[in-house]
Every structure is written in structure tokens, then in C-alpha cells.
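Inspection log for the structure reproduced underneath, given as C-alpha cells.
Just so it is clear, none of the values below were taken in a lab; they were calculated from the coordinates. The model shown is predicted, which means the values in this text are computed figures rather than measured ones. Cβ coordinates were reconstructed from backbone atoms using ideal geometry, including for glycine residues, and neighbour counts include every protein chain displayed.
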Amino acid sequence: MSLTQTNHVFASVTEQGLNTLLHATFTARPRYLNYGSSLFVKTTSVLATNMQPIPFPGVPGGIQWAVRFTIPTIDLFPPDAKSSTLPPGANQFTIKTSVTLTLGCMTFSAAPDNPTVQVSVNPIAFSLDVWARGELATTNAVVLQIDQVRMPQVLPGGLEQVLDCLIRMILQAAVSDAALPLTAISVGAFQLILQRGPLIDADQAEAWGDI
Amino acid sequence: MNLLDSRFLALGDCFAQRFSVAGAFTYRLVLGLALFPNAEATRGNAYPIEVNPATKGEKPTQQNVVVTFSEGSLVADPTSISIHEGDTVLWYTTDSSVTGFSVVGGNSSFHFDSTSITGDAYYTHVFGVPGDYPWSDANGSTLKGDVKVDPLPIHTRADSQRFLDAMKKANVVEVSDKGVHPHKLEIVVGQTVFWHFQKVPGVTVSVNPQPLPPG
Amino acid sequence: MPDITAAADESAATRLLGIAEAALGTQKSGPGTGSLGPFSASYSAQASFSGGAVNLKPPNIIELAGCNLAYSVSVSFTLDISKLLPQICIPPICILNFCTPQICLPYPPPITVPSVNIGDTVTFSADFHLNPHLVGPDWLIDVKINSIPQLRFGPGTAGALATIGGALVAAALAEGGVYGPALAVALGLLLAAIGVAGLEGFLGPILTPFVSRLTFTIYEQPQLYPAIPAAGPFDPVVDVTITALDAVVQATDKNELVITASIAG
């Protein structure tokens, strides 16, 4: 069977190649994985993205926070042994990362001889391993679309659901910035007009179209 | 080809003078427009012509003199002529670098000058370019005429042969004290016209003649 | 196993080659000299390529059938009339006892006919081989001709011959003096004898160098490949290194041009 099948051009990238591309993307643009309000990220740079604090009555300046992911690795269908927590099904991928959530914990105190409330902020954080499963989507770039997240640490039911949803939303936003142009999966051999795919099979992502 | 002007002889032109009187003559070849009224007044390139008395029963003959340009001056070949009364001397050039010369000579009793032709002389010219050539006398007489030269289109070998055959035909214009005949002449390119001069007061055949500077 | 695989069938490969032909632009050669029959000529030429149908042949051959080479040649001729015509001599002409001598007319100087411009399209078919290679910091995949093809001249060659004839005859009549008309006839006869075949024989060595080393480049990317271009002051370019590149023709149910690459971060 030909590579192009009923189309005129074909392009594919292996799981290893996709990991190389993702690693290069997040190494060149680490701010896609690092977010924080002004206490933690004063201003947006290549290294991190400045976000607004969460406004709340009685919390001067809002709640300060930060989120950081490690560079994700991807497993394309069929699943490797390492993806056993959330293995990819047909036409799916699984990515593995870890997330660190940091809170600017404020404490308020008042001295007997000083009516002004003293505010001190103490960052506290925790980290979780994250597995996420999804499919490839395209507009005019290849985007990781996450459907489901799992954190293997045992958490109380309600908290797990909240964190699953929160991390899924944040992780989706983070990996969406790492959209791969279609030319990247042909290393510039031609400008691919996508007609079919991208599909995942045999540890590679494949696309068909015309030039 | 060259300009139609008997004062400037070049490739395709001839000037011929008949000598009807015996005697010793000299002539000079003059390049360009410089003129000397008396040939014997100038030394240098004076060439002799010895005209001997005619021998009874002998037909008139013709001697040709070839004029070339060598080391900055005109040279005649042969350098001396010996003829009889009634014979003709013809001057011409085969040298395309000779752009215009005249022949001036004589002795105490007879003078000849290709820039002021009097009689018993011919001027011939080969017409190489089609066109209309109205000519007149640059020395001021009323003698004039017209030569119309038609092209001869050559498309085939037969046309080429017709051209070569036409070149052999002579066309004569008689110029005398009675006038010019024919006044208008029509020929084809490559042909030669002979002007035959008899009893004329020193004339030229010139197209657009400018008067000569005073002597 | 390579990280990236890209494949194009014959239809796409034809279009890729068309893009490469256009990118090659107009090639120039000359000045040079040659002979068209008895005429010596100097020339300068330019050519461009277009069209052709691609047939892919494993393991690495691209056959290009019916490629068009559009040429424009500017030719200057020198006509030495002394080598083309006998000298014209006016024979002696006589009236009674008076005869003019024979006068032979000198040849005019050689006539230069500058810049006769002729142009047309020739077609050719040839096999090319794929040549992926690194040139300095760039990866290239060249499609390089295997051997010198035969050029097929079109019906426009007869028009080119007529253009040359017209220019030579006009120059002969303008500058040939009294030899002009006869020279014009001689030129017509000579060019008719030279014919289209003769003109093709003249043009062949001029045009062949354009194809003898013909190379199209169907791929050219820096080894440090910008996978994602820069998108602002906080989003620099994302580069990967293409550590290996190959190009072959694979035959299955379709013949395909297959490009493979290995990358590193």
C-alpha cells in the first residue's frame, strides 16, 4: 500500500520525532509551561507568563498564585508500558507531565500599638504527576486536544474531580500554545493542504493532502 | 558609388583627351581642388606626353594611364607616354583610396584640364546607386542635363546575368556648342555614361556644383 | 528509523518539479562563437525551463518527459563578401575607337549584422537522479540530469531562420553597395541550403550546455530547521536540527517520491 494512498502527498512524524519537537518547543518557549501572578512572575518574558491575581474581598492585591508544568512527553497509540495509568486508545495519545501549584499564602496580623494590619505572604506549593489523554486536532497546525486527565496520587473524591478539571483546563491552554505547523511534520518538503488526518497509529501521527 | 563630378575623378570615372597636334606636352595629377593655371609653372610630378606626327594610314589608338596613390602623392603609370597625332590618352584609377583627382597639362599652344573640359575629350562615369542626377556646368555655362538611374532588381541568377549584360552597354551624351544631346538619359544601375565634349568653353559635369574659388 | 517521512505521488512530484523549474529562473550563457554555414557568428543566449510530466522510477530516478526549454539567442554575423561573391568587374566599353578600361569594383568592408534575436522552445526528455546532500549549513535535494538529452526543435525554427535571413538581406542591401543586390540573392540561396537542419546544428551546441548540467533543487532547508517561526519578543523561533536527510523513489501500488529526515532538539 502506498504512503499517499488516494491523496497526492503524505507526511508523518514518529513518537520520538514528536517528543523531539515538543521538547524543542517548550525549551525555546518555557513560558508556555510557567504561569504566575505578579508575586511570582513580575512581567511576561520568554521564561514565564505573567497572570492576574485572583481578586477577593479582604485579600489585598488579590490571591497570588503560580502554576508550573514539566516538559511533557508523549506516547502515541499503541500504548507503551509507561502509559499504563491512562493508555492511549486507537487514534489517541497520552502525555505525561508533572504540575506544581503554588499559592501565595497571606497571613494578617495586628500589633497592639499599631492599628495597621500587617500582611505577610508565604509561598506554599505541592506537586502532582499528571497523565492526560486526547487526540490530535488541526486548524492549520497540529494541536494536542486533551480529553481526560488523571493524577495517580490518591485524593479525596471531590478534590480529585476539582483538580482533574482544573489541571485539564490549564494543561490544555498550555499545550495549545505549542501548535505545530503542518510544514514541521514534513520538515519543509512541501506546503501540505490537509485533506485527511492527522491520525495516530503505529506510534506515529500521519496526515494526507495535496500541495 | 562615387560622386558625379568631372572635377573629381575617382574609381569608376575616366577622363580621356585626344591629341590632334604633334608636340611635347606635360601634365600633372592634382589631388583634390587645388588648381594651377599653367602646368609648366609647377615642377615635381610633371609627366611627359610626346605626340609624334601621324603616320599615314595608321588608325588612331588609345593609351591608358593608371593613377594610384603612393606615399602621399598621386602616381601615374606609365610615367611617360608616346603617341601619334589623333591618338587619345585616358586617365583612370583602380584605387578606391583615391577620392578625387584632376589632370592638368599642355604646352604653349594646347592646354587640357579635366576640371574645365574644352573639346576632343571624354568624361565617363559608372552609376552605382539608383536615383536622379541633374547635372550642370560648375564653370557657369548653361549646359546641363539629367541622368535617371533605375534599379535593376536581382532575385534570380537570370536577373544577375541581365545586370552583368547591362553593364556592357555604352550610353553617350554629346556636349557641344550646340547644346546637350540627349538632355535626359535613362539608364540602369551599373551602367556607364560617356560625355563627349566638342567645342565647349571649358565645362564640367557636376551635380549640385559649387563655384570654384577665384584663381 | 527516521523521525519524519514525507511522500509525494507523481502528480505532486510534477508540481514540485514545476516549482523548482520556475525557481531556477533564466539561465544565461555566452558570449560564444559558432558557424552557420559559411557565416561566422557570435552569440549570447538565455534559457528557462517549464513543464514536463514526471515518471518516478525506483530506486531514485525521476524521468521528466517533454520538458520545455524556452530559449532566446542574440546572434551577430559578419559577412565577408569576398568569400561569398566573385568580384564585379565592369568590362571595357567602346564607342568607335574609344574604350574605357576594365574596372573591377573593390569589395566593401565586411558587413556586421548585430543582434539578430531569435527565440523558440525546444523540448526534451531525460532521466534525473535524486541527490540529497548538505551544502554548508543547508540540506538540499537536487534532481540532477543523468545524461545529455536530444533536443527536439519545434516548427518555430523555420521562423527563426527567416528572421536571420531578413536581417542579413537587409544589411546586404544597406551596406553592400553595388554588391548589395547580388549579395542578397546569394544570402537567400545560402540560407535555403543551410535550412532548418543547419540552424538546428548551429543552435544545438549553444543550447546543449543549458541541459547538460541541468539540476533542479526540489528541497532546500537549513540544517538548523525553524520548525515554528518566531511569533513575538517572548516567543522565539523553535529550531530542530535535521541530522540526516534522504530521498528515494518507492514503488508499491503507486510510485512515490519519499523524503525522510531524522531530527534532534
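Descriptive notes on the structure:
Results for (1) free of Cβ contacts under 8 Å to residues at least 12 places away in the same chain; (2) under 32 Å from the mean Cα position of the chain (by Cα); (3) crowded, with 22+ Cβ neighbours inside 10 Å; (4) more than 30 Å from B:Q161 (Cα to Cα), shown as yes or no for each residue.
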residue: C:A192; (1), (2), (3), (4): yes, yes, no, no
residue: C:R213; (1), (2), (3), (4): no, yes, no, yes
residue: C:Q221; (1), (2), (3), (4): no, yes, no, yes
residue: C:L224; (1), (2), (3), (4): no, no, no, yes
residue: C:A230; (1), (2), (3), (4): yes, no, no, yes
residue: C:V240; (1), (2), (3), (4): no, no, yes, yes
residue: C:V249; (1), (2), (3), (4): no, yes, no, yes
residue: C:T252; (1), (2), (3), (4): yes, no, no, yes
residue: C:E256; (1), (2), (3), (4): no, yes, yes, yes
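- Wholly enclosed strands (runs of 3 or more DSSP E) of segment C:203-265 bearing at least 3 residues more than 8 Å from chain A (Cβ to nearest Cβ) and small (G, A, S): C:238-251
- Qualifying residue in segment A:140-150 (condition: in contact with a Leu (Cβ under 8 Å, 6 or more places away or on another chain), among the aliphatic types (A, V, I, L, M) and either more than 30 Å from A:G209 (Cβ to Cβ) or surrounded by fewer than 10 Cβ atoms within 10 Å (Cβ to Cβ) (or both)): yes
- Considering segment C:49-61, and only residues there that are assigned to a strand (DSSP E or B) and within 21 Å of the chain's Cα centre (by Cα), the residue that is surrounded by the fewest Cβ atoms within 10 Å (Cβ to Cβ) turns out to be C:S50.
- So C:T112, is it within 14 Å of chain B (Cβ to nearest Cβ), in contact with a Ser or Thr (Cβ under 6 Å, 6 or more places away or on another chain) and not aromatic (F, W, Y): no
- Considering segment A:13-72, the residues that are surrounded by 15 or more Cβ atoms within 10 Å (Cβ to Cβ), among the small types (G, A, S) and facing chain C (nearest Cβ under 8 Å) include one that is nearest to A:T102 (Cα to Cα), namely A:A28.
- Residue match in segment C:15-25 (condition: over 15 Å from the mean Cα position of the chain (by Cα) and more than 22 Å from A:V9 (Cα to Cα)): no
- Options B:D150, B:D146, B:D137, B:D113; residue that is in contact (Cβ under 8 Å) with a residue 24 or more places away in the chain and under 12 Å from the mean Cα position of the chain (by Cα): B:D113
- Sole exception among (1) β-branched (V, I, T); (2) touching a residue at least 24 places away in the same chain (Cβ under 8 Å); (3) surrounded by 21 or more Cβ atoms within 10 Å (Cβ to Cβ) for A:T100, by number: (3)
- From C:A158, C:A197, C:A167, residue being away from chain B (no Cβ under 14 Å), within 21 Å of C:Y43 (Cβ to Cβ) and free of Cβ contacts under 8 Å to residues at least 24 places away in the same chain: C:A197
- Which numbered condition C:R15 fails, given (1) of a type in the set (D, E, K, R); (2) within 14 Å of another protein chain (Cβ to nearest Cβ); (3) part of a strand (DSSP E or B): (3)
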